Amino acid sequence: MELQLKRSIKVPLWSQEKEKSTGKDRNSVELNHYIDALRVKFYQIYQDLELEGKIISARAIVNRYQGKDETFKTLYNVFKEHNDNCRKLIGTDYADITVRRYDNCLKYLMELVKRDYKVDDMLLREVNGELVRKFDLYLKTEKHCAQNTVIRYMKCFKKVINLAIANEWLAKNPFAGIKFHEVEVNKQFLSQAEINRIWQKEFRIERLELVRDVFIFCVFTFVALTNVCLIINKLQTNNRGIGNGLETTCLHHFA
């Protein structure tokens, strides 16, 4: 059977005999590292199947690698399934912004896995404290997240891990012994004079005028910015103005 790596290289640089690139450029080196990492992972899966007394075949190895093996699930598949289930519950159990935070958490986590482990996914059982600490550092140094934002993402990650433990997909808790501390933030409120200055400020750039108007709208209506964005995204206009009465009603409700 064949397995697509979803990687490409110029034909003259590929050696069918060595099953790797002969180039010295960055793309070739990264491709060879990726292939070597896959070989190691496939051999590990082969050994695991042998120890478990399972029938060993190319299909069995690929199924386990792709997370289709019921015995071992992968980090990406479990996280993705969790997010998809949350998305179905938007408006009942979850807010849209919460689900988007889970999606961003998964995106950043897989970026780290690809960068540091040279794979697109990893077995759930391979998730350990090292990955948790690396993710914490990655969010702070690469994504420039503030401490409290980092904690929100780590809570998303931890929830999925707890789900895996509850379903007996994971034996050890990679978050064991790891604690995160939120930073107390003293929020400063704008005075009426400061709000008036923003309200009356004139900008030459239309984009900044829009930002000002939306901000002032939120200040006087107490509508969260995320809700305003949802309203704006639903608005449909035509030559007679707003075309959807439902969204118009929403605006009248907030105004």
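Identify the single condition in (1) more than 28 Å from Met154 (Cβ to Cβ); (2) touching a strand residue (DSSP E or B) at 6+ places or on another chain (Cβ under 6 Å); (3) modelled with pLDDT of 90 or more that Asn32 does not satisfy, given that it satisfies every other one.
(3)
Six or more apart or on different chains, Cβ under 8 Å: which pairs go from a residue in the stretch 185-202 that's assigned by TED's automatic domain parsing to the domain that holds Asp213 to one that's in a loop (DSSP other than H, G, I, E, B)? Could you list them?
Cβ pairs passing all conditions: Ile198/Leu190.
Yes/no matrix, rows are residues, columns are (1) surrounded by 13 or more Cβ atoms within 10 Å (Cβ to Cβ); (2) free of Cβ contacts under 8 Å to residues at least 60 places away in the same chain; (3) touching a Gly at 6+ places or on another chain (Cβ under 6 Å):
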| position | (1), (2), (3) |
| --- | --- |
| Phe79 | yes, no, no |
| Lys88 | no, yes, no |
| Tyr102 | yes, yes, no |
| Asp121 | yes, yes, no |
| Thr149 | yes, yes, no |
| Ile165 | yes, yes, no |
| Ala176 | no, yes, no |
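Restricting to the stretch 134-162, what's the tally of residues that are within 17 Å of the chain's Cα centre (by Cα) and under 17 Å from Asn83 (Cβ atoms)?
The number of residues fulfilling the criteria is 11.
The values are calculated or read from the model by the stated rules, or taken from the named source; none is laboratory data. Values in this document were obtained by computation on a predicted structure and should not be read as measured data. In this analysis, Cβ positions are derived from the backbone assuming ideal geometry, glycine residues included, and neighbour counts consider all displayed protein chains.
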